[in-house]
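Peer 1: There's a structure below that I have some questions on.
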């Protein structure tokens with residue numbers, strides 16, 4: 001289900017620029033930022049870079065990954 005929300009024009013322009021660079025729709029970019037913010041607030045001990053990498057990893061297609069096998 002989608003809902004309309006009002007955001008200021010500057011935030012919209014910034015989201016559009018990032019969305020284009022990261023090959024997302026503007027809505028998906030805003031959703032990503034919301035998830036980032038929520039995850040960062042829920043886990044203040046983690047860096048935002050770690051949170052970002054974790055969210056990206058969780059969104060990846062699992063069939064394209066290979067399991068980690070420790071050496072030795």
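Peer 1: Given the conditions (1) at pLDDT 90 or above; (2) assigned to a helix (DSSP H, G or I), report the number of the one that residue 57 does not fulfil.
Peer 2: (1)
Peer 1: Separate question: I'd like the residue in the stretch 26-45 that is over 11 Å from the mean Cα position of the chain (by Cα) and surrounded by 13 or more Cβ atoms within 10 Å (Cβ to Cβ) and, out of all such residues, is nearest to residue 9 (Cα to Cα).
Peer 2: For the stretch 26-45, the residue satisfying everything is 26.
Peer 1: Now for a separate question. Which one is modelled with the lowest pLDDT, of the residues in the stretch 1-32 that are within 18 Å of residue 55 (Cα to Cα) and in a loop (DSSP other than H, G, I, E, B)?
Peer 2: Among them, the one singled out is 22.
Peer 1: Determine if the stretch 42-49 includes at least one residue that is in contact with a helix residue (DSSP H, G or I) (Cβ under 7 Å, 6 or more places away or on another chain), in a loop (DSSP other than H, G, I, E, B) and modelled with pLDDT of 90 or more.
Peer 2: Yes.
The values are calculated or read from the model by the stated rules, or taken from the named source; none is laboratory data. Quick caveat: nothing in here was measured; it's all calculated off a predicted structure. As a convention, Cβ positions derive from the backbone with ideal geometry for all residues, glycine included, and neighbour counts pool all protein chains shown.
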